[in-house]
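Enquirer: Before we start, here is the structure in question, set down as structure tokens.
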Amino acid sequence: MFFKFLLLQVKTATRSTIWQKNLAINVLLGVFLLILAVNLLMIGLYIDQIMNQLLPHQDHYRFFNGLILYYLLGDILIRFLAQSLPTLFVESFQHLPISKGTIIRYMIGRTVADAFNFLPLFIFIPVTFTIVIPQEGSLSGSLWLITLIILILSNNFLAIYLKRLLGVKPLVAGSLALLFILLVFLDHFNLISLMGLSTKIFGYFTHNYLSILVPFAWFIFTFWLQYHFLSEHFYTDEVQKKKPEQIRITKDSSFLKSIGLTGSLILLEFRLFHRNKRTQTLFYTWPIILLYGLYFYSFKESYSQEGLLILVGMMITSGMMVNYGIYTFGYESSYFDGLLTKNIDFTNYIRGKFYIILLISTVSFLLTIPYFFYGIKILLINIVMYFYNIGVLSFALLYFATFNKKRIDLKRGALFNYQGMGASNWLSMIPAFIVPYLIYVLFKHVGYPHWGIAFIGFLGISGLIFSKVLIGLIAKNLHKQKYIMAKNFRER
């Protein structure tokens, strides 16, 4: 039955019109994965020689054991953000004499063929034969590799379970994410040593043969988590049973209703973000964008390079804002025609978008304030970039977004998904990153670098002062482009 399901899904995919449009992208993606696999294999084959040059006095076997826990935690995070959920049109089979368990086992089993499960083996298998077996023996080396394979598959099941759990119990999934972030912070500030813990755990697994039962039990448990979840949410009405309660919660927003049409449009935008996979994925990437500064500011050499501090400050304070702004009309492509049938004042419509961008940028800035502990200069630069974001970049993003004519399917995730990406999106990167950096470089060239930073902030404040005029210009351009946008949004 497994192969019958697989054949049906292959036929469904190849007969779809989307398959024809995305064929070139799929071929390029396949070539990229092939190149990546070859590069990983070369690294795995020559890793022993590389390690001899980089770490000549290091025990290579213990070093790799110390990195495994980092890899497994990072693997879960990457899978959670990038790995797609296994789908099957369950409704087509529910009325047929096919057991629920058969369908569920197929949905779980087909995830084993994911690239995330195979790519690490191009390094781990050569490492087993070049480092582990020569030092620990064939039996211990084989157990080491089998343990890693079991844990990789367990990560596969766990990450997919967490993604499914997020839609039903977001607090549970959010708590696990906070636990992951806490572990990273504790390790970063040397309160715990994940490398030392990893070395002990996997060294024990290698030398105690019965200990392989522990990762095997974990594998069975993660498989059971998925199976139990899908079994409880097998029918459509079970998956959607909490939606009425969520809708009532979002309706009760007296403040947004009190500011008229603009508030209603903001409320509509919040609902769109809450209910769709593409927009939800953006919120998952938000912590990663904010934590980028934790890595960069850890290098003391970066304090003296104000140009790089400007770029990093721009990235962490505007990353989420840019992701929203460049696609803001594309997110509404499925019902853009409906918006045009309403008597909507485009000025209020754009003002609502601006307020959302203002809120996103403000929250991002507030969350970056703790970087003050790395130095007062970082805080001052981030304040300047915040004003530039809300006074210049916000209007630039909305203006370029009026030229975006690409439809977006909100049911698909955001990572590795280039749907909706057009020339206007790339052009919007100029005011986002190139313009502030060039301003600083020009002032630095004439000997006044600090005046360059001040001028960037001045532009932001000036943009806020003339916000009504800028919103009016964007609304006027949207009025010119609306029918062209609507026509292109209808293309599937």
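The values are calculated or read from the model by the stated rules, or taken from the named source; none is laboratory data. Source: prediction; values computed, not measured. Don't worry about glycine lacking a Cβ; one is built from the backbone with ideal geometry, like all the others, and counts go over all protein chains shown.
Enquirer: Going by the conditions given, is residue 440 modelled with pLDDT under 90, of a type in the set (Ser, Thr, Tyr), part of a helix (DSSP H, G or I) and under 32 Å from the mean Cα position of the chain (by Cα)?
Expert: Details: modelled with pLDDT under 90: yes; of a type in the set (Ser, Thr, Tyr): yes; part of a helix (DSSP H, G or I): yes; under 32 Å from the mean Cα position of the chain (by Cα): yes.
Taking the combined requirement at face value, the residue satisfies it.
Enquirer: Please report, ordered by residue number, the helices (runs of 4 or more DSSP H) entirely within region 57-124 with at least 1 residues that are at pLDDT below 80. Steps first, please.
Expert: Details: elements: 60-82, 100-109, 115-118.
Result: 60-82, 100-109.
Enquirer: Sort through 435, 446 and tell me the only one that's surrounded by 15 or more Cβ atoms within 10 Å (Cβ to Cβ) and at pLDDT below 90. Steps first, answer last, please.
Expert: Working: 446 fails: surrounded by 15 or more Cβ atoms within 10 Å (Cβ to Cβ).
435 is the lone residue from the list that is surrounded by 15 or more Cβ atoms within 10 Å (Cβ to Cβ) and at pLDDT below 90.
Enquirer: Sticking with this structure for a sec: Residues to consider are 202, 129; find the one that is within 19 Å of residue 44 (Cβ to Cβ), surrounded by fewer than 17 Cβ atoms within 10 Å (Cβ to Cβ), outside the structural domain of residue 297 (by TED's automatic domain parsing) and modelled with pLDDT of 75 or more. Even if it seems obvious, please write down each step before you answer.
Expert: Numbers: 202 fails: surrounded by fewer than 17 Cβ atoms within 10 Å (Cβ to Cβ).
Criteria check complete, one pass: 129.
Enquirer: Something else: Scan the helices (runs of 4 or more DSSP H) fully inside region 314-391 and keep the ones with 2 or more residues being surrounded by 17 or more Cβ atoms within 10 Å (Cβ to Cβ). Break it down stepwise before answering.
Expert: On the way: elements: 336-341, 346-368, 376-388.
Once the helices (runs of 4 or more DSSP H) in region 314-391 are filtered for at least 2 residues that are surrounded by 17 or more Cβ atoms within 10 Å (Cβ to Cβ), what remains is 346-368, 376-388.
Enquirer: In the list 467, 428, 462, which residue meets the criterion of being within 25 Å of residue 321 (Cβ to Cβ), at pLDDT 90 or above and hydroxyl-bearing (Ser, Thr, Tyr)?
Expert: Details: 467 fails: at pLDDT 90 or above; 428 fails: at pLDDT 90 or above.
Result of the check over 467, 428, 462: 462.
Enquirer: Quick one: is residue 162 in the same structural domain as residue 43 (by TED's automatic domain parsing), surrounded by fewer than 15 Cβ atoms within 10 Å (Cβ to Cβ) and at pLDDT 80 or above? Spell out the reasoning first.
Expert: Numbers: in the same structural domain as residue 43 (by TED's automatic domain parsing): yes; surrounded by fewer than 15 Cβ atoms within 10 Å (Cβ to Cβ): no; at pLDDT 80 or above: yes.
For residue 162, the condition - in the same structural domain as residue 43 (by TED's automatic domain parsing), surrounded by fewer than 15 Cβ atoms within 10 Å (Cβ to Cβ) and at pLDDT 80 or above - is not met.
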